[in-house]
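To start, the structure itself, in structure tokens.
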Amino acid sequence: MRRIYLDYNASTPIDPAVAAAMKPFLEDHYGNPSSGHWAATTAKAALEAARGQVAALLDCQSDEIVFTSGGSEANNLALQGAFLALRDKGNHIITTRIEHPAIIEPCRFLERLGARVTRLPVDGAGRTDPDEVRRAMTPRTILVSVMHANNEVGTIQPIEDCARIAHEHGVLFHTDAAQSVGKIPTDVNELSVDLLSIAGHKLYAPKGVGALYVRRGVSIEPLIHGAGHEGGRRAGTESALLAVGLGKACELARDLAPMNRVRDLCDGFWQALQKQFGNRVALNGHPTHRLPNTLNVSFVGRIGAEILGQLDGVAASTGSACHSGRIELSPVLEAMGVAPEVGMGAIRFSLGRGTTRDEIEVVVERLTESLA
Ligand SMILES: Cc1ncc(COP(=O)(O)O)c(C=O)c1O
């Protein structure tokens, strides 16, 4: 059985250069970066160099980067941190109906603490209309959180327009960029965001590390209280090992040229599927405002999980789940208004640096055989 990995939106392998950068910190440099003696020197310098590498990718200052345990923590820190810091100003948060659970659940949690949350609709391609942000604004709005690119269908949101509207109302803007970093430009000034989350393991760094960009002048309440690590925004001894991994991955991600090859493969994949299956296959997501690596397609009238089950060795994801014999569409496809007979046949293929043309050809062949 040939193994083919087309699930890079779920997680990426660690880039060999990232692993090499981390190795000395696994083996030798064990010092606590906050200590005042020789054992701390290398760890502290590496931690700060890594912070600089993350900042360079996002085009911000090093002191605007807070290392976290991943995308979920970064999102929680942004949402809970902003809510708690701005409680006196208001309690209203605006977000969308297609966010990752790492936004959905903190919003639900904050509702239990008294927040009011507006979840904006999206169109059939998964895009939010910035005017909806304007219409949802109230004098009590304190935060808007709109994901940069969707993990399931890859649709890219009009972040600059949404952020501009938030700022016109004096409201903070957060984006979950866990899926977009390293795939499309994520310059915080071009995006005009105040808070931005990233996740290492979507970016060829290890799992268990991420970062939150916090624009200078924006104060957030920490989730973890303790000693004053990370500028008082996240207590806990920093892992130089993980930070170095994320830093190196961010340095590599500044070069988006490898994504052109991935985009070509992804486009070729979609063309081959259309040629093979005609109108029995439908694209979920935006035809152009979409991540270069993400191809979410529905095999109409079929069940995605069953198709994947026949593609032995092919790692990809489905857009629906089967609960007690009933097919349930993912909330993202549902919010996009995808019909059940289309959505239940959804499969998300997500390509990455390691994907080859040959792998795509094999998957198209195998799909053709199994759907014959
Ligand atoms: C859009 C998005 N946000 C947040 C996360 C959570 O990141 P992590 O797994 O690092 O907590 C993911 C991971 O699937 C994601 O796709």
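Would you please give the residues with an amide H less than 5 Å from that of V209, counting only those at least 5 places away or on a separate chain, with H modeled from the backbone geometry? Residues meeting the criterion, in which the H sits 1.01 Å from N, are G200, H201. Fully extending the segment from H169 to E341, taken as 0.36 nm per residue of separation minus the present Cα-Cα distance, adds 57.8 nm. State whether the range 170-244 is rounded, prolate or oblate according to the following rule on the C-alpha gyration tensor (a ≥ b ≥ c being the square roots of its eigenvalues): a/c under 1.5 gives rounded; otherwise a/b larger than b/c gives prolate, and the remaining case gives oblate. In terms of gyration-tensor shape, oblate. Which residues does a label at K207 reach in the range 235-250, if reach means a backbone N under 18 Å from a point 7 Å past the Cα toward the Cβ? Hits in the range 235-250 for K207 at 18 Å: 242-243, 245-246. Share of carbon and sulfur in the accessible area of the range 98-193 stands at 50%, probe radius 1.4 Å. Annotation: Cα Rg of the range 238-313 relative to the compact-globule expectation 2.2 N^0.38 Å equals 1.52. In terms of the mean number of neighbouring beta-carbon atoms within 10 Å, the peptides 266-279, 289-302 order highest first as 289-302, 266-279. Stretching Q276 away from A10 to a fully extended chain increases their span by 93.1 nm, per 0.36 nm per residue minus the current alpha-carbon distance. Over all directions, the projected convex hull of the C-alpha atoms in the range 76-132 averages 4.1 nm² in area. With contacts taken as Cα pairs under 8 Å and at least 6 residues apart, the range 209-311 reaches a relative contact order of 16 percent.
Ordered by 1.4 Å accessible area with all protein chains kept, H37, H286, H29 run largest first as H37, H29, H286. Under a 5 Å amide H cut-off, with hydrogens placed 1.01 Å from N, D7 pairs with S350 among residues at least 5 apart or on other chains. What the Cβ-Cβ distance of R116 and A315 gives, at R0 = 30 Å and to the nearest 0.05, is a FRET efficiency of 0.15. Here the 3J(HN,Hα) profile of the range 302-308, calculated from phi with Karplus coefficients 6.51, -1.76 and 1.60 at θ = phi - 60°, is 9, 10, x, 5, 5, 4, 4 Hz, Gly and Pro shown as x. Stretched out straight at 0.36 nm per residue, the stretch from R254 to Q61 would grow longer than its current Cα-Cα span by 67.9 nm. Each principal axis of the chain carries a Cα extent, and these read 67, 53, 39 Å when sorted largest first.
Past the 24 Å Cα-Cα mark, which pairs from K23/K183; K202/K248; K44/K183; K89/K202; K89/K183; K183/K207? Listed pairs above 24 Å: K23/K183; K44/K183; K89/K202; K89/K183.
Kirkwood analysis of the range 271-372, using all unique Cα-Cα pairs, places the hydrodynamic radius at 14.0 Å. What does the charge count around S35 come to, taking other residues whose C-beta lies under 15 Å from its C-beta (Lys +1, Arg +1, Asp -1, Glu -1)? Here the count lands on -1. Between E105 and E160, the modelled labels are 3.5 nm apart [label points 7 Å from Cα along Cα→Cβ]. Solvent-accessible area assigned to carbon and sulfur over the range 325-372 amounts to 52 percent, based on a 1.4 Å probe. Size descriptor for the range 12-138, Kirkwood hydrodynamic radius: 18.0 Å (Cα pairs only, one decimal). Largest accessible area first, the listed residues Y30, Y213 line up as Y30, Y213 when surface is computed with a 1.4 Å probe on the assembled protein chains.
Accessible surface comparison of R254, R97, probe 1.4 Å, protein chains only, largest first: the order is R254, R97. What accessible surface, in Å², does a 1.4 Å probe find on D59, ignoring ligands, DNA and RNA and rounding to the nearest 10? Probe radius 1.4 Å; accessible area of D59 about 80 Å². Considering only A235, I93, F349, and ranking their Cα positions along the charge dipole of the chain that arises from unit charges at the beta-carbon of Lys, Arg, Asp and Glu, the one farthest toward the positive end is I93. Protection proxy ranking for 238-247, 123-132, 44-53, using the average of other Cβ atoms within 10 Å per residue and placing the highest first: 238-247, 44-53, 123-132.
For the peptides 308-315, 17-24, 170-177, 199-206, the ranking by mean Cβ contacts within 10 Å, running from highest to lowest, is 199-206, 170-177, 17-24, 308-315.
The values are calculated or read from the model by the stated rules, or taken from the named source; none is laboratory data. Just so it is clear, the structure is predicted and the values come from calculations on it, not from any experiment. Counting neighbours? That spans all protein chains shown, and the Cβs are built from the backbone with ideal geometry, glycine included. Each accessible area value is taken on the protein alone, full model and side chains, heavy atoms only, with ligands, DNA and RNA left out. Shrake-Rupley method; radii C 1.70, N 1.55, O 1.52, S 1.80 Å.
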